[in-house]
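The values are calculated or read from the model by the stated rules, or taken from the named source; none is laboratory data. Values in this document were obtained by computation on a predicted structure and should not be read as measured data. Every residue, glycine as well, gets a Cβ built from its backbone with ideal geometry; the counts of neighbours run over all protein chains shown. We work out accessible area using only protein heavy atoms, side chains counted, and drop any ligands, DNA or RNA first. Shrake-Rupley method; radii C 1.70, N 1.55, O 1.52, S 1.80 Å.
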Amino acid sequence: MRYPLVIGNWKLNGSRHMVSELIAVLRNELSIVTGCDVAIAPPMVYLDLAQYHLSGSQIALGAQNVDTHLSGAFTGEVSAEMLKDIGAKYIIIGHSERRTYHKESDAFIAEKFAVLKEVGLIPVLCIGESESEKKAGQTEIVCAHQIDAILNRLGKKAFESSVIAYEPIWAIGTGKFSAPKQAQAVHKFIRDYIAKHDAVVAEQVIIQYGGSVNTGNAAEMLTQPDIDGVLVGGASLKAETFAVIVKETAKAKLA
Ligand code: PGA
């Protein structure tokens with residue numbers, strides 16, 4: 001059975017103060033919530049502090065990026081082993097902001113996926129189409145292409161113990177929200193596509209939805225059978241709001 005998963009992607013936001021305050025409130029709000037895995041992914045520089053404040057809680061630590069190398073002369077980078085060393089569990093890769101602003105290719109993202117698997121961390125692979133690709137009816141082609149890059153690099157079991165986040169680019173940070181049935185159709189396509197390679201892996205891979213998720217729209221999205229959780233950006237920056245989304249996820253998935 002797939003376990004629901006909610007991750008907060010803080011992007012380039014936060015401070016030492018916010019890390020300690022937000023985690024304190026979140027721990028309190030979620031202390032008796034069961035039925036949903038939760039992680040927060042603050043900026044790299046705060047990961048160690050976040051882990052300190054998370055210790056002993058059920059909230060896991062995530063990161064927003066990783067380098068393809070494990071060590072060496074790669075100025076400015078952070079390796080999968082370092083992330084593991086400080087206790088991170090889920091690592092977001094392939095986010096559309098990194099594909100766009102840092103020109104990350106499918107092949108490069110597949111290398112990141114590979115190094116995370118090698119070290120034993122859980123990749124959260126973001127995929128999704130742009131507005132123009134959606135209008136051109138290319139959503140499935142785009143998602144399939146992004147998934148193929150991983151399957152070609154790592155084989156049919158690539159998505160074992162991994163997470164995929166379907167994030168239509170037009171929905172990220174825009175307040176535009178995909179209709180739940182429409183998102184479900186894409187999630188089902190993704191699962192069926194992976195099933196063509198390995199049915200067991202397809203059945204267990206967690207597929208999150210992301211893009212303008214908030215307290216008003218999460219619940220309906222999570223009633224869809226192939227939507228296993230959410231990747232939350234803006235709405236994860238307030239502990240109370242993020243906690244409501246986690247509680248709604250647990251409720252929707254237990255129902
Ligand atoms: P958003 O971001 O919730 O602010 O739209 C989601 C994401 O980019 O992961």
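In whole percent, and with a 1.4 Å probe on the protein chains, what portion of the accessible area of the chain is carbon and sulfur?
Taking all protein chains in place, the chain shows 54 percent carbon and sulfur surface.
Give the residue from Gly72, Ala243, His197 lying farthest towards the positive end of the charge dipole for the chain; charges sit on Cβ (+1 for Lys and Arg, -1 for Asp and Glu) and the dipole is referred to the Cα centre.
Of the options given, the answer is Ala243.
Ranked highest first by average number of other Cβ atoms within 10 Å, how do 35-44, 16-25 line up?
35-44, 16-25
Using the Cα centre of region 1-113 as the reference point, and only Cβ charges (+1 on K/R, -1 on D/E), how large is the resulting charge dipole? Debye, rounded to the nearest 20.
200 debye
Rounded to the nearest Å, what's the spacing between the alpha carbon centres of region 1-53 and region 104-175? Just the number, please.
23 Å
Mind checking which lysines have their Cα closer than 20 Å to the Cα of Lys253? Skip sequence neighbours fewer than 8 apart in that chain.
Within the straight-line cut-off, Lys253 pairs with Lys181, Lys188.
Nothing charged except the Cβ atoms of Lys and Arg (+1) and of Asp and Glu (-1): what's the magnitude of the dipole of region 1-60 about its Cα centre? Round to the nearest 20 debye.
Here the size comes out at about 100 debye.
Could you give the dipole magnitude of the chain about its Cα centre, charging the beta-carbon of Lys and Arg +1 and that of Asp and Glu -1, in debye to the nearest 20?
320 debye
Provide the per residue accessible area, probe 1.4 Å, for the chain, rounded to a whole number of square angstrom.
Value returned for the chain: 45 Å² of accessible area per residue.
Going highest first, how would you order 3-13, 97-107, 162-172, 136-146 by mean Cβ packing within 10 Å?
The densest-packed peptide leads the list: 162-172, 3-13, 136-146, 97-107.
Okay, helix-only estimate at 222 nm for the chain: each DSSP H run of n ≥ 4 adds -39500 (n - 2.57), divide by all residues, round to 500 deg cm²/dmol; what do you get?
-13000 deg cm²/dmol
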